[in-house]
Ligand code: AMP
């Protein structure tokens, strides 16, 4: 593999404690970086930049290795791993963050291994905006830089966040956070306002209503797959981004048709993510399962030209 290939991601690697529909899972593997990398690893080599504490078990590192995720940029620091805890409403449509304990992330200084600086595809996962910026300054000639963020940083680190936004090509964000960032309820207008802050393309994730892509050529929509049973939506957004970016980094094509297909690969991976807690459904997917659901999406959305 030459150094430009694959995908560099910075994000959180976490222990999550989740409550959903009366089930509680404690200290399971989570974090924006973990979900993103796992989804993307089905498409392209992934290089993870993150930090964990000395309490992070080898079994999780072995899992990353089993997915071919490079962890040379994953630092193990003295202290506790980042911990996030959330509780979902019964309809799973909204959630409350109960705890965000940054722990080792508070003093993290990302340092990219030299060979990774040549990478062309970069994803700045949901993490402190100054860390996102730090990673960006270490990349030499990026072709596509995308980022994610969340209400925690919009509320607490808006100025730093705006500095990152000025330098990225694409923002992936959920609807509530897009409205908060833009100060505008209407989503097309919110996306326009965000595009004026820097990113030429904005993808708004809308949970089980799918995702909208706003860019210079207009708007494109991908639905969410209508599943009969959703277990845990945690990480669906990061997983969508992983499928989306992973596919683009694989084909190395940023044309409008490739971007549309990437929207569907993002939706395919997110639909697997929510079928189980943590990363459990995504641990061992086959190419056949991924392609099968991609075709199911195509059947779901295909229709002919109208002739009256
Ligand atoms: P999502 O459901 O796509 O918003 O992603 C949830 C994941 O993001 C969980 O696994 C958390 O560990 C992680 N997370 C939650 N809050 C933060 C935060 N403030 N910074 C970084 N990662 C976070």
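The values are calculated or read from the model by the stated rules, or taken from the named source; none is laboratory data. Here the structure is a predicted model, which means the values were calculated and not measured. Every residue, glycine among them, receives a Cβ derived from its backbone with ideal geometry; neighbour counts consider all protein chains shown.
Give the number of residues within the range 108-135 that are more than 19 Å from residue 238 (Cα to Cα) and more than 16 Å from the ligand (Cβ to nearest atom).
11
Go through (1) in a strand (DSSP E or B); (2) surrounded by fewer than 23 Cβ atoms within 10 Å (Cβ to Cβ); (3) within 19 Å of the chain's Cα centre (by Cα); (4) within 16 Å of the ligand (Cβ to nearest atom) one by one and return the number of the condition residue 63 breaks.
(1)
Between a residue in the range 96-108 that is closer than 13 Å to residue 81 by Cβ and any residue that is loosely packed, with under 12 Cβ neighbours inside 10 Å and modelled with pLDDT of 95 or more, which pairs come within a Cβ distance under 9 Å, given they are 6 or more apart or on different chains?
Short answer, once both residue conditions are applied: 104/54; 104/78.
What about residue 177, is it surrounded by fewer than 15 Cβ atoms within 10 Å (Cβ to Cβ) and either over 18 Å from the mean Cα position of the chain (by Cα) or within 13 Å of the ligand (Cβ to nearest atom) (or both)? Break it down stepwise before answering.
Values: surrounded by fewer than 15 Cβ atoms within 10 Å (Cβ to Cβ): no; either over 18 Å from the mean Cα position of the chain (by Cα) or within 13 Å of the ligand (Cβ to nearest atom) (or both): yes.
Criteria not met by residue 177.
For the range 42-78, give me the residue count where each residue is under 19 Å from residue 122 (Cα atoms) and free of Cβ contacts under 8 Å to residues at least 24 places away in the same chain.
Result for the range 42-78: 1.
If you take the residues in the range 197-229 that are out of contact with any helix residue (DSSP H, G or I) (no Cβ under 9 Å at 6 or more places or on another chain) and part of a loop (DSSP other than H, G, I, E, B), which one is surrounded by the most Cβ atoms within 10 Å (Cβ to Cβ)?
The residue in question is 200.
Take the residues in the range 85-107 that are in a loop (DSSP other than H, G, I, E, B) and away from the ligand (no atom under 12 Å from the Cβ), then tell me which one is nearest to residue 131 (Cα to Cα).
93
Output yes when any residue across the range 45-53 is closer than 19 Å to residue 238 by Cβ, within 11 Å of the ligand (Cβ to nearest atom) and either outside any loop (DSSP other than H, G, I, E, B) or in contact with a helix residue (DSSP H, G or I) (Cβ under 8 Å, 6 or more places away or on another chain) (or both), and no when none is. Write out each step before concluding.
First, the residues of the range 45-53 that are closer than 19 Å to residue 238 by Cβ: 45-52.
Okay, now just the ones that are also within 11 Å of the ligand (Cβ to nearest atom), so 50.
Next, from what is left, pick out any that are either outside any loop (DSSP other than H, G, I, E, B) or in contact with a helix residue (DSSP H, G or I) (Cβ under 8 Å, 6 or more places away or on another chain) (or both): 50.
Checked the range 45-53: at least one residue is closer than 19 Å to residue 238 by Cβ, within 11 Å of the ligand (Cβ to nearest atom) and either outside any loop (DSSP other than H, G, I, E, B) or in contact with a helix residue (DSSP H, G or I) (Cβ under 8 Å, 6 or more places away or on another chain) (or both).
Restricting to the range 1-20, and then to whatever is in a strand (DSSP E or B) and surrounded by fewer than 20 Cβ atoms within 10 Å (Cβ to Cβ), can you tell me which residue is nearest to the ligand (Cβ to nearest atom)?
Of everything passing the filter in the range 1-20, 17 is nearest to the ligand (Cβ to nearest atom).
Going by the conditions given, is residue 97 more than 30 Å from residue 206 (Cβ to Cβ) and surrounded by fewer than 21 Cβ atoms within 10 Å (Cβ to Cβ)?
no
So, in the range 70-84, of the ones that are within 18 Å of the chain's Cα centre (by Cα) and within 16 Å of the ligand (Cβ to nearest atom), which residue ends up surrounded by the most Cβ atoms within 10 Å (Cβ to Cβ)?
Ranking the qualifying residues of the range 70-84, first place goes to 82.
If I go through the range 120-132 residue by residue, how many of them are touching a strand residue (DSSP E or B) at 6+ places or on another chain (Cβ under 8 Å) and either surrounded by fewer than 24 Cβ atoms within 10 Å (Cβ to Cβ) or part of a helix (DSSP H, G or I) (or both)?
3
For the range 21-41, check the following and say yes or no: at least one residue is touching a residue at least 24 places away in the same chain (Cβ under 8 Å), within 24 Å of residue 137 (Cα to Cα) and more than 11 Å from the ligand (Cβ to nearest atom).
yes
Can you tell me which of (1) closer than 21 Å to residue 210 by Cα; (2) without any contact (Cβ under 8 Å) to a residue 12 or more places away in the chain; (3) part of a helix (DSSP H, G or I) is the one residue 159 doesn't meet?
Condition (1) is where residue 159 drops out.
Somewhere in the range 133-148, is a residue surrounded by fewer than 16 Cβ atoms within 10 Å (Cβ to Cβ) and in contact with a helix residue (DSSP H, G or I) (Cβ under 8 Å, 6 or more places away or on another chain)?
Yes; the residues of the range 133-148 include at least one that is surrounded by fewer than 16 Cβ atoms within 10 Å (Cβ to Cβ) and in contact with a helix residue (DSSP H, G or I) (Cβ under 8 Å, 6 or more places away or on another chain).
Scan the range 180-193 and give yes if some residue there is touching a residue at least 40 places away in the same chain (Cβ under 8 Å) and outside any helix (DSSP H, G or I), otherwise no.
no
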